[in-house]
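K.L.:
Submitted below is the structure of interest, expressed as structure tokens.
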Ligand SMILES: O=C(O)C(=O)Cc1ccccc1
């Protein structure tokens with residue numbers, strides 16, 4: 001057979017498969033419809049497993065794995081189609097509706113906001129960008145930001161979550177799982193770091209440099225070049241490190257902090273723009289106790305689990321590709337007390353104003369062992 005002849009045959013098979021596929025999708029909807037009207041669960045894991053085992057045997061050793069994956073994908077597509085076609089209100093979808101209806105058309109500009117750090121820190125700049133007329137309450141650490149929001153001391157909390165060169169702020173991911181708070185907004189800031197010390201001090205006089213671990217990580221190349229005699233010490237926050245240096249009696253210490261901190265804390269800049277890369281952006285989130293979904297919300301964050309089996313994560317991800325959703329972030333964090341089991345944090349380019357997306361997330365809410373919507377929010 002020459003190439004043209006093979007192509008003709010393949011086209012013919014494709015046409016037949018497409019026709020069968022469409023027939024199968026319609027039948028899968030009918031089955032779901034019938035099951036639902038009988039009050040039965042639509043998803044039948046046992047039956048799916050039996051069919052998968054049968055096709056694996058029937059396909060023979062050359063094609064068994066291919067056949068199994070092919071049918072797994074077919075089932076996944078059917079389930080997405082069923083969820084979309086037979087969408088029914090669930091507790092989850094009603095909570096979404098309520099949040100959409102009760103949220104104002106524009107994100108708030110004012111309110112009380114908790115910020116970990118001190119005057120002049122990067123997170124304060126993010127607070128000013130997100131809530132320009134807010135009252136900032138500076139607290140000690142990220143945990144205290146969550147507590148302030150959780151206990152109603154502040155309406156909002158702003159936290160760094162991810163940096164373009166240094167990766168995720170893992171502590172914030174863990175705290176998101178531990179608190180009943182929602183992400184209501186996000187923003188991205190270009191971050192630059194300066195090295196600063198007391199006035200009159202030279203770079204060669206410095207023996208210890210303090211800063212937030214994210215900032216130290218973002219300036220690793222410059223800092224490591226200073227040699228082994230210079231110690232790097234993590235500190236709670238960049239601006240707090242600058243303040244501590246200015247108040248300390250030790251002239252040999254310095255801080256990595258945002259440029260404005262030099263003037264704020266009467267320090268002298270020893271080196272400017274010491275970040276590894278100029279492409280140094282940090283994403284910040286704004287959390288709130290109440291779920292709010294403003295018009296224009298283009299990003300969804302969720303926490304979920306995947307089954308601890310081969311293909312478990314892949315079948316979770318397939319559900320998003322089934323409806324054409326782009327994933328912008330996948331973070332995994334170990335589940336405390338479980339051996340090598342993980343929670344997955346996903347960011348999706350999607351909006352709950354789209355019914356298809358609400359249908360998919362409702363389906364996940366029902367089918368996944370763990371599922372939590374962290375928020376649907378605008379990020380700019
Ligand atoms: O807000 C700050 O300045 C911090 O210390 C946290 C931080 C560190 C580096 C980048 C963004 C936020």
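K.L.:
In degrees from 0 to 90, rounded to the nearest 10, what is the angle of the helix 91-102 Cα long axis to the longest principal axis of the chain?
P.N.:
For helix 91-102, the angle is close to 50 degrees.
K.L.:
Per-residue counts of other Cβ atoms within 10 Å, averaged by peptide: what ranking do you get for 294-305, 86-97, highest first?
P.N.:
Going from most to least packed, we get 294-305, 86-97.
K.L.:
Over the range 294-380, what relative contact order in percent results from Cα pairs under 8 Å that are six or more residues apart?
P.N.:
RCO, the range 294-380: 48 percent.
K.L.:
How far is helix 3-37 tilted off the main Cα axis of the chain, in degrees rounded to 10, range 0 to 90?
P.N.:
90 degrees
K.L.:
Now a separate question. Rounded if a/c is under 1.5, else prolate if a/b is larger than b/c, else oblate: which is the range 291-347, with a ≥ b ≥ c the root eigenvalues of its Cα gyration tensor?
P.N.:
Judged from the Cα gyration tensor, the range 291-347 comes out oblate (a/c at least 1.5, b/c at or above a/b).
K.L.:
In whole Å, what is the distance between the alpha-carbon centres of the range 128-156 and the range 224-249?
P.N.:
The range 128-156 and the range 224-249 have Cα centres spaced 25 Å from each other.
K.L.:
At 222 nm, what value in deg cm²/dmol follows for the chain if DSSP H runs of at least 4 each add -39500 (n - 2.57) and the sum is divided by all its residues, to the nearest 500?
P.N.:
Value at 222 nm, helices only: -14000 deg cm²/dmol.
K.L.:
Hey, another quick one. Can you tell me the convex hull volume per residue for the range 3-85, based on C-alpha atoms, in Å³ to the nearest whole number?
P.N.:
Hull volume over Cα atoms, normalised by residue count, gives 105 Å³.
K.L.:
May I ask for the distance between the Cα centers of the range 78-102 and the range 315-377, given as a whole number of Å?
P.N.:
15 Å
K.L.:
Next question. Which of 101, 363, 62 moves most in a GNM of the chain, Cα contacts under 10 Å?
P.N.:
Fluctuation is largest for 62.
K.L.:
Same structure, new question: Please give, to one decimal in nm, the separation of the simple spin-label points placed at residue 220 and residue 271, each 7 Å out from Cα toward the Cβ.
P.N.:
The two pseudo-label positions are separated by 1.6 nm.
K.L.:
Go through 161-171, 104-114 and give me the packing order, highest mean Cβ count within 10 Å leading.
P.N.:
Put in order of decreasing packing, that is 161-171, 104-114.
K.L.:
What ranking of 70, 344 emerges when the number of other C-beta atoms within 10 Å of each C-beta is taken as an exposure proxy, fewest first?
P.N.:
Details: 70 12, 344 18.
Going from least to most buried by this count: 70, 344.
K.L.:
If you don't mind, another one. Would you report the distance distribution of C-alpha pairs in the range 176-215 as whole percents per 10 angstrom bin, up to the bin with the largest distance?
P.N.:
17, 31, 25, 16, 11
K.L.:
Between residue 29 and residue 278, how high is the FRET efficiency from 1/(1 + (r/R0)^6) when r is the Cβ-Cβ distance and R₀ = 45 Å? Nearest 0.05. Write out the running numbers ahead of the final one.
P.N.:
Numbers: r = 52 Å, r/R0 = 1.17.
After rounding to 0.05, the efficiency reads 0.30.
K.L.:
May I ask for the equivalent-ellipsoid semi-axes of the chain, computed as the square root of five times each C-alpha gyration tensor eigenvalue and listed largest first in whole Å?
P.N.:
After diagonalising the Cα gyration tensor, the semi-axes are 50, 26, 17 Å.
K.L.:
Let me ask you something else. I need to check one value: relative contact order of the range 1-145, counting alpha carbon pairs closer than 8 Å and at least 6 residues apart, in percent.
P.N.:
Relative contact order here is 16 percent.
K.L.:
Rank the residues 185, 68 as a footprinting-exposure proxy: fewest other Cβ atoms within 10 Å of their Cβ go first.
P.N.:
The fewest-first ordering by Cβ neighbours comes to 68, 185.
K.L.:
Then there is this: Send over the Kirkwood Rh of the range 97-207, from the inverse of the averaged 1/r over different Cα pairs, rounded to one decimal Å.
P.N.:
Its Kirkwood hydrodynamic radius stands at 15.9 Å.
K.L.:
How many nm is it between the label spots at residue 309 and residue 189, if each spot is 7 Å from the Cα in line with the beta carbon?
P.N.:
4.6 nm
K.L.:
Indicate, rounded to the nearest 5 percent, the antiparallel portion of the DSSP beta bridges found entirely in the chain.
P.N.:
Of all bridge pairs located within the chain, approximately 70 percent are antiparallel.
K.L.:
So how much slack lies between residue 298 and residue 89, counting 0.36 nm per residue of separation and subtracting their Cα-Cα distance, in nm?
P.N.:
Full extension from residue 298 to residue 89 adds 73.0 nm.
K.L.:
Continuing with the same structure: When every alpha-carbon pair in the range 195-271 is counted, what percent end up more than 19 Å apart?
P.N.:
22 percent
K.L.:
Relative contact order, percent, of the range 195-271 when contacts are C-alpha pairs under 8 Å separated by at least 6 residues?
P.N.:
This gives 50 percent for the range 195-271.
Coordinate-derived values only; no laboratory data. Since the structure is predicted, the reported quantities are computational estimates derived from the model, not experimental observations. Here the Cβ is made from the backbone with ideal geometry for all residues, glycine too, and neighbour counts use every protein chain on show.
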